[in-house]
Structure formats: C-alpha cells, structure tokens
Amino acid sequence: MTIQDLHFDCMHFRGDIPCRPNKESGMICPNCTEYKPVSKRILIIKLGALGDVIRTTPLIEAYKKLYPDCHITWITRHPDILPAQSIDIIRAFEFEDVFITTRTTFDIAINLCKDEEAAMLLAECNAEEKRGFIWKDGHISIANKESEHKLLTGLFDELSKANTKSYLQEIFEICGLTYDNESYVLNVDPKWVNNFSYIQEQANGKKIIGLNTGAGSRWPTRLWPIDNWKELIGLLQKDGYAPMLLGGPDEHALNATLHNQTRAIYVGSYPLHQYLAIASYADVIVTAVSMTMHIALGLGKKMILFNNIFNKHEFDVFGYGEILEPSTGCDCYYGTSCSREKSCMHDITVQQVHDAIQRQLT
C-alpha cells in the first residue's frame, strides 16, 4: 500500500487515527467496502446565543436530505449542546479550532451570526460558496442576496416589527433551502436523565409542569411578577399537578424562595447538560425565556411562551404550544427597561396561563 491508495475523500477518513471501518472490520483502502466519498463539505458558523444555536439545528437534517453523504463542520461557543451523532466535526470558537477552520476548504460556508467576529471568520474561510453575514469594507455585510432581509430587519425596528417570517424561514432562505418542518436536535445525555429520576418520585405520579421563572439578566422586561408564579403554583397543586421550578444561577434565589413557600419541586441550579435532563421530566413547560422554549421544543415538550418585547412571528412552536402576550401590548420593543409605571407583563394573568396549561395537557 502507498499513500496513492488512500481515499482522502471518504466520509470515514480521520487523517490521524484509524477510521471506524478499519477498527471494527479491518477494512483497508483502496478495497474497503464501506468507502463513501463526501458529496459536499459544509461549514456552519453559529456562535451563540445558546437558544439560537439550538434553533439552527434543523439545518443538519435539511442538508443531509439535499446532499446525502455531506460532511458538516459546525463552529460555536456552545459545542456541548450540539448532537455529535449528527455532525461530523464540532469546533469551539477558540484559537486552535478557528485556526484549523480558516485553513480548511469547504464547498459551502454559512455564517448566521451578525457579530463582527463571526462575519470576519466567514470572510477568512476558504469556500466555493459563501452565505449569510460577512465582513466587507470594514463593516458587516451580506455574502449572498438572500441574507439581505435578515440583515435589514436587525438594523431597523420598523422593519423588524413588520417581519412575518420565522427565524427558521429566514435562515433556510439564506441557505438556499426550503423549510420542510425539519426538527431541532439536542444533545441529551441519558446518564444525566437517569441521575434525576428522583424527580418522578417527588411528583408521585402527577403530571409535572415546568416553570421557568426568570428571564436571565439580559431581559428584565420579560419578568412575570413573583406573586403570579406563587398563585399559579397554588392553582396547579390544587388541580393535582406537580409544579417544578426551572432556572439557572440568576433564578436560584427566587426558585429557592418559591420552593420554601409553596413546596413546588426544585432540585437546584445546574449546568446545561443537567438542566436539559431536569427539563426532560416536565410534561409542559412555561417560560418567558426563548432559550428554554427552544430546549422544550428540542425535547418535544408542550410549552407556553410569554412574549412581550419581541416579534412573535419570529418564533415557531411547531404545534407544540402557544404564545401568550400582554393584552395591552408592549411599548419596549427589544427593550431592557420598561417605559410604563407598571410592566405590561402584569397584563398576562394567572388565569390565562392556567388555562393555557390545561389546553396543552388535553
């Protein structure tokens, strides 16, 4: 055997270690029966936020349908959330991985982030076809015409408010694809799910209603009043359900207080993989945070999303739930502070939320 016998274009070729067919069956180039040439090498740049990374994962299924045997590389700030079984190479947005990415040749490279560093990365990439947002002439620009719509809606509130396309419609258009109900894909570790099996014991056979009580430090305008959460917990317990408090470090103090006052289930604040496992036990999830909405959808859970400061057309709940908005509207589009004396989130009533949960359980 010589180097000329190697199938460098094979899906299984690793370059530094034996490939799977060799390890499992002793196969050797050039006579390997599992030789499978790569049809397209595709790079996806989606750095963050976490919820945006999750809701970009339907592209994996779409590209695999369009280009069977394609090779997908994804670079992100959240590598742990991505499904390793569905993506060939997952890279973190760190020097070593960026260095390798910019020196690799791709057939298609897509950047779906409007951050300067992501746009610069696409500009540095070696790809025959580039799509999305790119750095050009000292500013962010578009790599293809289909990206213009999403760039402009991000620059002007008036255009953003008038937009009727969902995020998935927009990014599929950018990629030259047609959205066909492709699903989210999450990396959920069964080990962590099993580690939280005691949640079912605490629920004692009752339906579990996950309540994501916060909105993170970035969006205080999305917070629902604490007294409303407390009242909702009481109604759910009266109905015979088991409310379970969800959240991260920003919500820990609030959730601990609500647990002490109401005895709603609360197992604490955990890192991402454990949080996914905890959320997987809920039958319905209520949240004002779009990240947890995307997690709920990725888990195939029924959900209710509170929305006030965003364009609701941006969100697609795939028939898994509904969006509740203040009856009085909101004056603070993408705002981090409220212009009213009393926040519009007070106008989403406990009864509305209670009724929505009942609808999702039927």
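Nothing in this text is a laboratory measurement; each read-out follows from the coordinates by a stated rule. No experiment lies behind these values; they were computed from the predicted model shown. Here the Cβ is made from the backbone with ideal geometry for all residues, glycine too, and neighbour counts use every protein chain on show.
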Next on the checklist: Which of the three applies to the range 70-199, rounded, prolate or oblate, going by the alpha-carbon gyration tensor with a ≥ b ≥ c and a/c under 1.5 meaning rounded?
Outcome noted: oblate
Checklist entry - Where in the chain are the DSSP H helices whose C-alpha atoms run 27 Å or more along the long axis and whose mean Kyte hydropathy is at least 0.0? => result none
Item to check | Ordering of 168-174, 263-269, 201-207 by packing [mean C-beta count within 10 Å, highest first] | outcome: 168-174, 263-269, 201-207
Checklist entry - Looking at the square roots a ≥ b ≥ c of the eigenvalues of the Cα gyration tensor of the range 178-267, which shape do they give, rounded for a/c under 1.5, prolate if a/b is larger than b/c, or oblate? => result oblate
Item to check | Separation between Cα centres of the range 284-350 and the range 29-77, rounded to whole Å | outcome: 31
Checklist entry - Relative to the Cα centre, what is the charge dipole magnitude of the chain, using +1 at the beta carbon of each Lys and Arg, -1 at the beta carbon of each Asp and Glu, and rounding to the nearest 20 debye? => result 680
Item to check | Within the chain, helix-based [θ] at 222 nm, where runs of 4 or more DSSP H residues each add -39,500 (n - 2.57), nearest 500 | outcome: -9500 deg cm²/dmol
Item to check | Distance histogram in 10 Å bins (all Cα pairs of the range 190-361, percent per bin) | outcome: 10, 41, 38, 10, 1
Checklist entry - In what sequence, highest mean first, do 187-196, 147-156, 213-222 appear when ranked by Cβ atoms within 10 angstrom? => result 213-222, 147-156, 187-196
Item to check | Eligible aspartates and glutamates near LYS130 by straight Cα distance, threshold 12 Å, same-chain separation 8 or greater | outcome: ASP107, GLU146
Checklist entry - Which lysines, on any chain, are close to LYS191 with Cα under 20 Å apart, when same-chain ones fewer than 8 places away are left out? => result LYS301
Next on the checklist: Along each principal axis of its Cα atoms, how long is the chain end to end? Whole angstroms, biggest number first, please.
Outcome noted: 73, 50, 35
